[in-house]
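Scroll down for the structure; my scribbles are underneath it.
No value in this document is a laboratory result; all are computed from the given coordinates. On a predicted model such as this, the values are computed, not experimentally measured, just so you know.
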Amino acid sequence: MLSYPLTVPQRRIAAALLVCLVAGALVLRQHGVRGGGTAGGAALRVAPVAPVAAAHVSSARRAVVVDVVGAVARPGLYRLPQGSRVADAVARAGGLTRRAERVAVNLAAPVADGQQVLVAARGSPAGAAGTVGSGGGSGMSSPVSLSTATAEQLDTLPGVGPVTAQKIVAYRQQHGPFTSVEALDAIPGIGPARIADLKGLAVP
């Protein structure tokens with residue numbers, strides 16, 4: 001078989017075709033890589049949003065809000081983690097002032113959501129910190145906190161004697177702070193009628 005050498009114009013045409021073929025192959029290859037990268041990137045951009053939101057809601061539910069008043073540096077409303085003590089609330093409020101009646105402060109008492117933490121001043125008729133004691137000036141008595149009051153303070157409630165007061169203290173030590181006055185129904189000797197009598201006189 002005879003072969004004839006290519007002329008110059010034919011060589012130029014062949015070179016141009018080869019360049020076009022190589023360029024086309026490169027374009028197709030790059031397009032395929034980009035397409036695969038986009039698909040992969042789309043898969044990576046899927047973020048677990050729901051669990052994060054659920055964790056945020058759960059964290060918010062575990063917080064309690066208390067009103068710290070009396071002989072503290074910065075009285076006011078404070079948000080605390082569930083399970084906090086009176087000591088935590090007092091610390092958030094800047095600590096006790098020099099006027100505070102330290103012997104009347106039960107720093108170990110637990111706090112409940114919506115509770116008023118009253119730190120009594122020396123010489124005042126107010127109750128211990130962690131309870132809502134008697135107010136001054138108006139002569140009106142404020143409700144007693146079931147979650148933080150001492151047995152002696154619980155004994156002042158109508159129909160609650162020393163024995164029942166000790167049962168209330170023992171119950172909250174085992175189960176934690178009260179969430180409602182109706183929870184007293186779990187205490188032996190306290191029924192619906194007694195709970196109705198305590199409405200307005202006691203708070204969780």
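Computed extension length for ASP197-THR179: 4.7 nm, one decimal, from 0.36 nm per residue of separation with the Cα-Cα distance subtracted. Close amide-amide hydrogen proximity is noted between SER145 and VAL132, VAL203, each under 5 Å apart and 5 or more residues distant or on a separate chain (H modeled in the peptide plane; Pro and chain starts excluded).
Calculate, in nm to one decimal, what GLU152 and ARG11 gain on full extension: separation in residues at 0.36 nm each, minus their alpha carbon distance. Walk me through the intermediate numbers first.
On the way: separation 141, 0.36 × 141 = 50.76 nm, distance 11.15 nm.
Difference between extended and current length: 39.6 nm.
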